[in-house]
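Below you'll find the structure, written out as structure tokens, and then a few comments.
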Amino acid sequence: MTDETIIALSTPPGVGAIAVIRLSGPASRGIVDALVDNRIDWQPQRAIYRQLAHRGVMLDDVVLTFWRAPHSFTGEDTVEISCHGNPRIVETIVRAALELGARAARPGEFTQRAYLNDRLSLTQAEGLLNLLYAPTERALVSARAMKEGRLGEALESARAELVDLLSHLEASLDFAEEGIEPRLGPEFAQRLAGVQLQIGELLRSAPLGRVLQEGALTAIVGAPNVGKSSLLNALLREDRAIVAPTPGTTRDLVEATCSVRGLPLRLFDTAGQRESSDPVEQEGARRARELLPKAQLILRVVAAPELFAPPVLDIPDDIPVLLVANKSDLGRDASIPDEAIPICALTGAGLDALEEKIEAALLGGGERETPLTINARQDATLQRAADALDRAQNAVRENLGLELTSIELRDALHELAEVIGETTNEDILTRLFQNFCIGK
């Protein structure tokens with residue numbers, strides 16, 4: 001625990017009915033005691049009404065709540081001051097506390113103290129961060145799963161199995177004279193494969209985790225005047241992009257965000273692709289070409305009543321593409337491929353089917369129920385653990401010796417410990433907690 005007591009506004013800034021100011025640290029109660037006439041008989045989790053004053057000036061009527069260490073969010077003595085939600089009132093209370101010895105909290109410092117005081121694991125802290133910024137209900141479900149410790153539970157199971165395997169190997173190495181025989185046969189390989197399966201399942205959730213946390217970059221492409229902007233507006237349920245019968249109306253990238261079946265999408269309406277001598281259209285086409293390799297999903301729009309033509313843009317093979325036949329209310333040309341999804345962006349016909357296809361493409365054929373997903377840091381670290389386990393399995397298969405197998409298992413355990421925060425680099429922790437808002 002630290003000797004410093006920190007303070008910050010925990011509710012959003014601005015005018016509101018109530019604002020909550022949080023103090024955490026050993027001097028929390030003493031600082032508040034200095035702002036009231038009569039010393040408070042502090043009772044944990046009991047709301048207390050008081051008037052705060054400083055230097056003879058009334059600050060506000062407040063409700064005080066106290067949590068005694070270690071039974072608080074941070075694991076330290078914590079006081080929350082609920083005052084009227086006037087920014088001026090908040091400012092005067094915080095300034096008074098600073099004069100009495102508190103320090104202004106850094107972004108994420110309350111959560112960082114919870115982690116340092118073993119109130120949260122690192123993965124739970126990351127889940128809390130995801131919970132604060134989750135853009136959709138589906139993202140909230142995934143964030144809650146991590147915040148509740150499900151990733152830690154999965155990793156602890158894998159770690160326990162590896163520790164058991166490693167302990168036997170090292171006993172065989174250290175006490176060879178005692179006649180302890182190493183067991184590197186089929187049973188060992190099978191147990192190791194079980195751990196690999198657990199890690200593999202977590203790694204497969206990484207792409208969906210990225211979508212839930214950042215939004216799937218989705219490019220809407222096609223020839224001029226096929227209804228790309230109309231499709232953007234239809235998915236948004238609002239008129240975001242200008243729609244006109246004149247080809248080439250959209251000349252730049254138009255970006256907007258929406259939710260499709262709980263999956264956040266970052267939609268980009270691109271300029272229509274055609275040969276043009278207009279420098280503005282050429283620039284719009286160039287920007288569309290630059291966008292495509294970054295996309296996680298491409299919606300290629302064609303006009304259903306017109307002759308189907310191959311795409312002008314080179315679409316990367318590793319990016320899922322949905323062919324969307326717009327204006328289907330006007331008929332469908334025989335050349336339009338069967339897999340094209342018929343819609344009418346103006347009336348909304350066919351949008352439900354399109355959204356179902358979007359969901360399936362982003363889930364990659366996986367479960368419809370949102371699983372526990374991992375973030376980029378966890379993905380990179382778990383991949384290193386998986387690589388170490390692959391090498392360990394190879395050492396067993398090729399009979400490369402107990403020492404090499406033991407080294408690889410230790411490497412895998414080290415990476416798992418880094419995921420949950422037992423051996424994480426200080427710079428990584430700093431970057432993580434800086435992503436929180438001040439007061440959390």
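Per DSSP H run of n ≥ 4, the term is -39500 (n - 2.57); total these for the chain, divide by its residue number, and report the mean residue ellipticity at 222 nm rounded to 500 deg cm²/dmol.
Details: 14 runs with 188 residues, N = 440.
My calculation for the chain gives -13500 deg cm²/dmol from helical runs alone.
I'd like the carbon and sulfur percentage of the solvent accessible area for the chain, probe radius 1.4 Å, heavy atoms only, ligands and nucleic acids excluded. Kindly include the intermediate steps, with their values, before the conclusion.
Numbers: 10960 of 21800 Å².
C and S fraction of accessible area: 50 percent.
Pulled fully out, how much extra length does the chain show between residue 57 and residue 137, if you take 0.36 nm times their separation in residues and subtract their Cα-Cα distance?
Working: separation 80, 0.36 × 80 = 28.80 nm, distance 4.55 nm.
Separation in residues times 0.36 nm, less the Cα-Cα distance, equals 24.3 nm.
Excluding residue 68 itself, what net charge comes from residues whose Cβ is under 12 Å from its Cβ, given Lys and Arg +1 and Asp and Glu -1?
Values: positive: 29, 46; negative: 76, 77.
Charge balance near residue 68 sits at 0.
Between exposed GluC sites (Glu not before Pro) in the chain, where DSSP calls loop and at most 10 other Cβ atoms lie within 10 Å, what's the longest gap? Can you show the working numbers first?
Details: sites that count: 275, 339, 367, 369, 398.
The longest uninterrupted stretch comes out as 1-274.
Please compute the per residue accessible area over region 1-74 with all protein chains in place, 1.4 Å probe, rounded to a whole number of Å². Provide the component values of the computation, followed by the final result.
Details: 4170 Å² over 74 residues.
Ligands and nucleic acids excluded, the figure is 56 Å² per residue.
Suppose we keep just the DSSP beta bridges with both residues in the chain; what percent of those would be antiparallel, to 5?
Details: 33 of 53 bridges.
Percentage antiparallel, nearest 5: 60.
With viscosity set to 1.567 mPa s at 4 °C, what whole-number translational diffusion coefficient in µm²/s follows for the chain from Stokes-Einstein and a Kirkwood radius over Cα pairs? Mind showing how you got there, number by number?
Details: Rh = 26.2 Å.
Taking Rh from Cα pairs, D becomes 49 µm²/s.
Return one whole number: the accessible area per residue of region 350-415 in Å², for a 1.4 Å probe. Each step should come with its number before you reach the end.
Details: 3200 Å² over 66 residues.
Per-residue value: 48 Å².
The values are calculated or read from the model by the stated rules, or taken from the named source; none is laboratory data. For clarity, every value in this text was computed on a predicted model and none was experimentally measured. Virtual Cβ from ideal backbone geometry, glycine too; neighbours counted across all protein chains shown. Each accessible area value is taken on the protein alone, full model and side chains, heavy atoms only, with ligands, DNA and RNA left out. Shrake-Rupley method; radii C 1.70, N 1.55, O 1.52, S 1.80 Å.
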